[in-house]
Amino acid sequence: MSSPRRRIETDVMKLLMSDYDVKLVNDSMQEFYVVFAGPDDTPFAGGEWKIHVELPEQYPYRSPSIGFVNKIFHPNIDELSGSVCLDVINQTWSPMFDLLNIFESFMPQLLRYPNPTDPLNGEAAALMMRDVAAYETKVKEYVLRYASKKSGVQKSAKRDSGDGGEDSDSSISCDDDDDISSLSSYGDDEHVMAAGDLSS
């Protein structure tokens with residue numbers, strides 16, 4: 001069985017050679033950003049999100065930490081921190097999965113099939129359960145404002161979250177903290193290096 005270090009290098013190289021726009025942070029294979037497009041058949045279509053990924057030392061035996069940098073309106077994504085409540089990434093992660101699985105399967109499924117009964121964004125969950133059409137309209141407003149080509153993924157990465165204090169919304173559940181794929185530092189653009197700068 002290959003070592004975690006070799007597996008990290010293999011999986012990140014596969015991602016770098018894919019069609020995804022990947023930018024390494026400080027030339028590190030354990031922290032990077034991936035530009036992810038909303039699935040065509042959803043209200044997220046046309047949106048582009050900058051996803052912050054951190055790989056733990058124990059990867060692939062421990063799941064990556066995933067979070068949205070620019071805002072998205074979704075029941076299972078915390079609007080302020082960008083943290084993702086994604087069961088597959090957190091609870092049912094297996095070393096058989098790799099980074100491409102996350103962006104080709106898990107993330108599109110998350111956007112296609114939100115779970116309003118286990119929310120990180122209580123407002124989005126309540127609206128979705130009460131009025132699906134109004135929910136989809138608000139999703140599209142967020143796409144236009146924060147994730148469209150016009151708004152620019154880079155520009156919209158700067159969150160207008162007020163004082164940046166902790167979100168005290170009691171509606172955040174996601175069962176327990178272990179289910180939340182969290183970010184330690186999103187939007188740290190100064191340290192981002194282009195994937196082409198990687199010298200292996």
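The values are calculated or read from the model by the stated rules, or taken from the named source; none is laboratory data. None of these values were measured; they are calculated from a predicted model. No Cβ is skipped: glycine too gets one built from the backbone with ideal geometry, and neighbour counts run over all protein chains shown. Just the protein is used for accessible areas: all its heavy atoms, side chains included, with ligands, DNA and RNA removed. Shrake-Rupley method; radii C 1.70, N 1.55, O 1.52, S 1.80 Å.
Okay, here's what the table says:
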| quantity | calculated |
| --- | --- |
| Accessible area (Å², 1.4 Å probe, nearest 10) - Tyr142 | 30 |
| Region 1-72: relative contact order as a whole-number percent, Cα under 8 Å and 6+ apart | 25 |
| Signed unit charges on C-beta, dipole axis of region 1-114, positive-most listed residue Ser63, Ser83, Leu110 | Ser63 |
| Cα→Cβ-extended label distance, 7 Å offset, between Gln109 and Arg145, nm | 3.1 |
| Three-way shape label, region 72-137, alpha-carbon gyration tensor, a/c 1.5 | prolate |
| Whole-number percent relative contact order across region 66-113, with pairs defined as alpha carbons under 8 Å at least 6 apart | 27 |
